[in-house]
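Just below is one structure, and these are the notes that go with it.
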Amino acid sequence: MKKDLLSVYELGLADFEKIFDDARRLKKALKEGKPHASLKGKTLGMIFDKSSTRTRISFEVGMYQLGGIALFLNSRDTQIGRGEIIADSARMMSRYLNGIMIRTYAQANVEEFASSASIPVINGLTDLLHPCQILSDLFTIKEKKGSYKGLKVTYIGDGNNIANTWIDAAARLPFELALACPEGYDPDAHIMARGMKESKEGIVLYRDPFEAAKNADVLYTDVWASMGKESEQEERKKVFKYYQINKKVLKEAKKDALVMHCLPAHRGEEITADVIDGSHSVVIDEAENRLHVQKAILEILL
């Protein structure tokens with residue numbers, strides 16, 4: 001039976017650890033210059049409805065390093081952009097490819113693609129979820145802290161796909177999650193309710209970012225206006241001005257707290273330059289780990 005990666009909520013503890021163990025092995029092999037072409041002859045189709053830097057580079061380079069090839073498929077340049085139904089595209093691509101990664105708007109479209117395809121489908125990002133990012137973030141936390149178990153992760157900002165995926169991860173793994181979002185910009189209500197019910201260490205939503213940041217092991221943020229929300233940028237600047245990771249917020253966290261951001265970052269908005277470029281920041285390591293974690297995902301699924 002084929003497997004997909006559509007959400008971290010679908011993963012069990014063993015799945016998380018398998019991905020992290022394989023990512024560690026593949027990262028070590030790359031650093032030591034050891035060949036690891038486990039996907040020689042394999043092909044990955046990459047469908048992009050949303051622009052990307054890290055997702056495209058990491059998947060494309062990752063497939064190359066694993067011995068396979070990745071095909072960039074802009075929806076505007078394919079029949080999908082001209083009205084071909086998802087089911088037909090999925091069935092047809094399954095005859096050509098060994099796997100598909102999709103970066104798009106609606107989670108339902110990724111799920112429909114996966115239900116029609118006979119090959120693995122990877123969610124590269126939707127408006128609802130961003131599983132590859134949070135898996136890379138958790139891998140980075142394990143590298144820096146030794147484990148995610150018992151830690152407190154604090155997310156400050158918009159209740160977007162990053163916040164939703166952190167909630168799904170906290171529902172599955174033993175770490176505490178605090179979120180600080182302004183009223184009216186909460187995470188998805190269904191995901192939040194499910195996460196609060198299933199989390200072993202607890203998930204709490206605050207309005208005060210300073211309260212959420214108290215004794216945090218990890219401080220995490222994202223842009224105030226995600227892709228597709230650019231028209232709300234000026235209004236969101238007013239609403240979110242208090243929801244910024246800065247030196248004052250950092251002081252509420254533990255002395256050895258990590259500062260994380262999925263990038264791209266708007267310095268002076270959701271995070272100050274002195275913090276994202278400071279000694280607590282691991283954002284570049286976090287970005288690099290997208291490559292290693294996604295190579296692990298590709299190797300497991302393909």
Task: Which listed residue is acidic (D, E) and closer than 20 Å to Y148 by Cβ, from E198, E234, E183, E252 - done: E198
- [ ] Give region 131-167 a look and list any residue that's surrounded by fewer than 24 Cβ atoms within 10 Å (Cβ to Cβ) and either in contact with a Pro (Cβ under 6 Å, 6 or more places away or on another chain) or of a type in the set (D, E, K, R) (or both), or say none.
- [x] K142, E143, K144, K145, K149, K152, G159
Open item on the list: Every residue in region 61-90 that is within 17 Å of T104 (Cα to Cα), within 23 Å of the chain's Cα centre (by Cα) and assigned to a helix (DSSP H, G or I), please.
Closed with: S75
Open item on the list: Of everything in region 171-184, what is surrounded by 15 or more Cβ atoms within 10 Å (Cβ to Cβ) and closer than 26 Å to A287 by Cα? Give them in sequence order.
Closed with: A171, R172, L173, F175, E176, L177, A178, L179, A180, C181
Task: Wholly enclosed helices (runs of 4 or more DSSP H) of region 128-238 bearing at least 1 residues under 30 Å from D22 (Cα atoms) and among the acidic types (D, E) - done: 131-145, 161-172, 189-198
- [ ] Please tell me if A37 is in contact with a helix residue (DSSP H, G or I) (Cβ under 6 Å, 6 or more places away or on another chain), free of Cβ contacts under 8 Å to residues at least 60 places away in the same chain and over 20 Å from L129 (Cα atoms).
- [x] no
Task: Exclusive hit being at pLDDT 95 or above and outside the structural domain of V153 (by TED's automatic domain parsing), set V259, V293, V204 - done: V293
TODO: Answer yes or no: is there a residue in region 206-224 that is of a type in the set (S, T, N, Q) and crowded, with 23+ Cβ neighbours inside 10 Å.
DONE: yes
TODO: Mind listing whichever residues of region 85-120 are in contact with a strand residue (DSSP E or B) (Cβ under 6 Å, 6 or more places away or on another chain) and β-branched (V, I, T)?
DONE: I100, I102, V110, I119
- [ ] Could you figure out which of (1) within 18 Å of R76 (Cβ to Cβ); (2) touching a Lys or Arg at 6+ places or on another chain (Cβ under 9 Å) isn't true of L26?
- [x] (1)
- [ ] Report yes if some residue within region 47-54 is out of contact with any Ser or Thr (no Cβ under 8 Å at 6 or more places or on another chain), touching a residue at least 24 places away in the same chain (Cβ under 8 Å), crowded, with 17+ Cβ neighbours inside 10 Å and assigned to a helix (DSSP H, G or I); otherwise report no.
- [x] yes
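The values are calculated or read from the model by the stated rules, or taken from the named source; none is laboratory data. The shown structure was predicted, so the numbers you read here are calculated from the model rather than taken from an experiment. Positions of Cβ are backbone-derived with ideal geometry, glycine not excepted, and every protein chain shown enters the neighbour counts.
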